[in-house]
Amino acid sequence: MNSVKLISRSELYEGMIRPISVNGLELLAICSEGKLFVVENKCGHFGIPLSKGTVANGRIRCPQHGAEFDLQTGAVLNHVVQQCDPIKTFRILEDKDNFSVQI
């Protein structure tokens with residue numbers, strides 16, 4: 001597994017939703033409740049980008065259908081649409097003042 005630098009601590013702020021492309025993967029770096037999360041940037045329903053979604057209480061909500069996903073596990077937290085798969089989450093590595101994602 002490789003790790004790729006994402007962001008420095010000075011760039012991190014509450015409510016941040018930052019799309020990032022890493023090795024051909026479209027990801028989101030999200031700061032919620034003081035923690036950094038990295039998830040894939042697509043809803044488990046139709047693949048709608050989650051970058052325009054809303055974040056609250058450790059969840060991200062799809063802007064189109066309202067499906068909500070746990071930022072830590074990727075699990076679907078509500079079933080407002082049928083056949084909605086969980087989203088992928090990625091491990092964060094912290095080294096001094098920098099955060100990396102493990103791919």
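The values are calculated or read from the model by the stated rules, or taken from the named source; none is laboratory data. No experiment lies behind these values; they were computed from the predicted model shown. Glycine also receives a Cβ, built like all others from the backbone with ideal geometry; neighbour counts cover every protein chain displayed. For the accessible areas, the whole protein counts, side chains as well, though only heavy atoms, and no ligand, DNA or RNA atoms are used. Shrake-Rupley method; radii C 1.70, N 1.55, O 1.52, S 1.80 Å.
A few notes on this one:
- Computed in the context of the full set of protein chains, the accessible area of the chain at 1.4 Å probe radius has 44% of its extent on carbon or sulfur.
- Theoretical gain in end-to-end length, ARG91 to ALA56 [0.36 nm per residue, Cα-Cα removed]: 10.6 nm
- Note on LYS42: lysines with a C-alpha under 17 Å away, same-chain residues under 8 apart excluded, are LYS52, LYS88.
- What the chain shows is 59 Å² of accessible area per residue, with the surface traced by a 1.4 Å probe over protein heavy atoms.
- Label point distance in nm, GLN64-SER10, each placed 7 Å from Cα along Cα→Cβ: 3.9 nm
- Label of the coordinate-derived value, semi-axes √(5λ) of the Cα gyration tensor in Å, listed as (1) 23, 14, 11; (2) 27, 14, 11; (3) 35, 17, 12: (1)
- Lone cysteines, the chain (no partner Cβ under 4.7 Å): CYS31, CYS84
- Taking the chain as a Gaussian network of alpha-carbon nodes connected by springs under 10 Å, the highest mean-square fluctuation of the residues GLY53, GLY74, GLY34 belongs to GLY34.
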